[in-house]
1. In contact with a helix residue (DSSP H, G or I) (Cβ under 6 Å, 6 or more places away or on another chain) and either loosely packed, with under 12 Cβ neighbours inside 10 Å or part of a helix (DSSP H, G or I) (or both): which single residue out of 139, 121 fits that description?
2. So which residues in the range 111-136 are touching a residue at least 24 places away in the same chain (Cβ under 8 Å) and either within 19 Å of residue 81 (Cβ to Cβ) or touching a strand residue (DSSP E or B) at 6+ places or on another chain (Cβ under 9 Å) (or both)?
3. Considering only residues of the range 96-110 that are surrounded by fewer than 18 Cβ atoms within 10 Å (Cβ to Cβ) and in contact (Cβ under 8 Å) with a residue 12 or more places away in the chain, which is nearest to residue 151 (Cα to Cα)?
4. Write out, first by first residue and then by second, each pair whose Cβ atoms fall under 7 Å of each other, whose residues are 6+ apart or on separate chains, and whose first residue, in the range 137-161, is on the phi > 0 side of the Ramachandran plot and touching a residue at least 24 places away in the same chain (Cβ under 8 Å) while the second is loosely packed, with under 13 Cβ neighbours inside 10 Å and in a loop (DSSP other than H, G, I, E, B).
5. Between a first residue in the range 2-25 that is on the phi > 0 side of the Ramachandran plot and a second residue that is assigned to a helix (DSSP H, G or I), which pairs have beta carbons less than 7 Å apart while being 6 or more apart in sequence or on different chains?
6. Got a sec? Which helices (runs of 4 or more DSSP H) wholly within the range 1-79 have at least 3 residues that are in contact with a strand residue (DSSP E or B) (Cβ under 9 Å, 6 or more places away or on another chain) and over 23 Å from residue 121 (Cα atoms)?
């Protein structure tokens, strides 16, 4: 069973587009192995730079996704945490007939009061401190209440409640 047993490609795309618009962050539909199947929105320059390099993509994006997906599947609840770079990340567990089907993920903005973990980004990307600072200054913000509200809304929608 997979994510397309829950909703069609077109339905998922509508949801991803809505999530990206409402949060101002890119959203993605991933399978049970954390492989991106569909997406919506554009990554900020910092995230693009992190994802351009295998080492930083694995250390920051991959590690966060795997950990948070496991938390979401285990708790059967949405998880909102910061990724290794300090950016907000929402992971919604998707189950089909009680089995892991995938996740819906949105990430790439700072929540109020949080900052980009520039040291880790610098170490994993090899970028100079000033370059990381410049990229970090372009990261948008998202209200924690907006993340919480949308997470609950999506959870209920996907579960058919």
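The values are calculated or read from the model by the stated rules, or taken from the named source; none is laboratory data. Since the model is a prediction, treat every value here as computed from it, not as a measurement. Glycine gets a Cβ as well: all are built from the backbone with ideal geometry, and neighbour counts include every protein chain shown.
1. On the way: 139 fails: either loosely packed, with under 12 Cβ neighbours inside 10 Å or part of a helix (DSSP H, G or I) (or both).
Every option except 121 fails the conditions.
2. Those that are touching a residue at least 24 places away in the same chain (Cβ under 8 Å) and either within 19 Å of residue 81 (Cβ to Cβ) or touching a strand residue (DSSP E or B) at 6+ places or on another chain (Cβ under 9 Å) (or both): 111, 112, 114, 115, 116, 117, 120, 121, 124, 136.
3. Within the range 96-110, the subset surrounded by fewer than 18 Cβ atoms within 10 Å (Cβ to Cβ) is 96-99.
Add one more test, that the residue is in contact (Cβ under 8 Å) with a residue 12 or more places away in the chain, and what stays is 96-97, 99.
Working: 96: 18, 97: 21, 99: 20 Å.
Filtering first and then ranking leaves 96.
4. Partner pairs satisfying both residue conditions: none exist.
5. Matching pairs, first to second residue: none at all.
6. Working: elements: 9-23, 45-52, 63-75.
The qualifying helices (runs of 4 or more DSSP H) are 9-23, 63-75.
Conditions tested, residue by residue: (1) in a loop (DSSP other than H, G, I, E, B); (2) within 21 Å of residue 15 (Cβ to Cβ); (3) modelled with pLDDT under 90; (4) more than 15 Å from the chain's Cα centre (by Cα).
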{"residue": "89", "(1), (2), (3), (4)": "no, yes, no, no"}
{"residue": "95", "(1), (2), (3), (4)": "no, yes, no, yes"}
{"residue": "106", "(1), (2), (3), (4)": "no, yes, no, no"}
{"residue": "110", "(1), (2), (3), (4)": "no, no, no, no"}
{"residue": "113", "(1), (2), (3), (4)": "yes, no, yes, yes"}
{"residue": "133", "(1), (2), (3), (4)": "no, no, no, yes"}
{"residue": "145", "(1), (2), (3), (4)": "no, yes, no, yes"}
{"residue": "157", "(1), (2), (3), (4)": "no, yes, no, yes"}
